[in-house]
Amino acid sequence: MVHASGRRLEGVEFLVGGEVVEWQSSAPFLLLLNVDEARSGVVVEARARFEDGETAEGALVVGSPGRLAEQVDVRILELPFQLRRRDRSRSELTAADLIVSLVSQDGSGGAERSPEALLLEESLPLRTQLLIDVSGTMLEERESLGLALDRFARSLKPDDEIGLVEFRETARVVLPMSADELPLVAAFETLSAGGGTALLDAIATAVAAMPATVGRRAVVLLSDGIDEHSTLGVADVDGLLRRARVALYVIHVESDSLARDPIRARARIRHLSSIRGFLETRARGSGGHYCFATDQAAIEDCLAEVVEDLRRTHLAVIHLRSGEDGSGATLKLRPGIPGRLMIR
């Protein structure tokens, strides 16, 4: 049993020839089945039931005598999106208001249909991975970052999860994803600044450390944008963010001492412009945003914008059928439904 999206399951029911043979409430959801020669061609089904009441099914025909085990793949595609409505007086959005179009694995167009489920913004927790630059160039911003992160953590809801990854030449998971915000500030206080920077490699580490649970998932990067030591390329990281469906939010932190040092500031103008373009492209390409900050108040405002933006996100859930490829999925509103979709 492959459960691709990592959504929380109550359990999986296995059926053989239409009859229930086993119920399992914990992973790895594996059914070992002896199929004798007289029963070749038996239909084996797996029905997964999620905590939110939704279900997903997969089936196969066991046709080879003596084959002891098969794997049933229940594939689920989750499409995050935001809806900008023109008519706010209209009733709540439903799955029937949406049309999803999928392509087949052979590249041909698939039939249009509504998503099987729609998770609205108020029911979706935030999964936020904070990625903090602790290289030597960020030493001056340490106090401002600590105070801003404390306020950010206290703004989260009980079901929201937060993690902390630090990076310089290498990246390290300091605090695994958790719904407990209290250790965040204490963990940040243990960080020490120094060394160079491998920004792209760190983004990849932060994404890989995020559990594949349902919710609005984002990496929030706080850095001056300098990258001296990465081994990964831009295309590698952009592809990883896209495949993982993780939005990158960039808070570009620059010292306000630049404003007090005109000579240094003029020398940095061209450099800052180049870094900003680089960071903004990475963020927008993943469905996130770019924000520039020079002090604690600006950092707090940027973090508040991240939360506000993520909380506007819905999730359309599509169960992929045999032969369907979720990589080319498109989502649109049915005719007559006012508003504009923004796919994340």
(request) Take each of the peptides 301-310, 226-235, 127-136, average the number of other beta-carbon atoms within 10 Å over its residues, and list them starting from the highest. (result) 127-136, 301-310, 226-235
(request) Could you work out the local net charge near Gly163, counting Lys and Arg as +1, Asp and Glu as -1, over the other residues with Cβ closer than 13 Å to its Cβ? (result) -2
(request) Read phi for every residue in segment 135-148 and hand back ³J(HN,Hα) as whole Hz from Karplus 6.51 cos²θ - 1.76 cosθ + 1.60, θ = phi - 60°, with x for Gly and Pro. (result) 6, x, 6, 9, 4, 5, 9, 4, 5, 4, 5, x, 5, 5
(request) Could you tell me whether segment 101-238 comes out rounded, prolate or oblate from its Cα gyration tensor? Rule is a ≥ b ≥ c as square roots of the eigenvalues, rounded for a/c under 1.5, then prolate if a/b exceeds b/c, otherwise oblate. (result) oblate
(request) Would you tally the net charge around Ala148, using a Cβ to Cβ cut-off of less than 12 Å, leaving Ala148 out, and scoring K and R as +1, D and E as -1? (result) -3
(message) Once you keep just the Cα pairs under 8 angstrom separated by 6 or more residues, what percentage relative contact order results for segment 141-222?
(response) 27 percent
(message) Taking θ = phi - 60°, what integer Hz values does the Karplus form 6.51 cos²θ - 1.76 cosθ + 1.60 yield along segment 237-254, in sequence order, with x for Gly and Pro?
(response) 6, 4, x, 5, 4, 5, 5, 7, 6, 10, 7, 9, 10, 10, 10, 7, 9, 10
(request) List the extent of the Cα atoms of segment 179-247 along each of their three principal axes, largest first, rounded to whole Å. (result) 36, 35, 16
(message) Pairs of alpha-carbon atoms within less than 8 angstrom and 6+ residues apart define the contacts here; what relative contact order does segment 189-240 have, in percent?
(response) 57 percent
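Readers should treat all values here as calculations from the given coordinates under stated rules, not as data from a laboratory. Every value quoted in this text rests on a predicted model; they were computed, and no experiment measured them. So basically every Cβ, Gly included, is an ideal-geometry build from the backbone, and we count neighbours across all protein chains shown.
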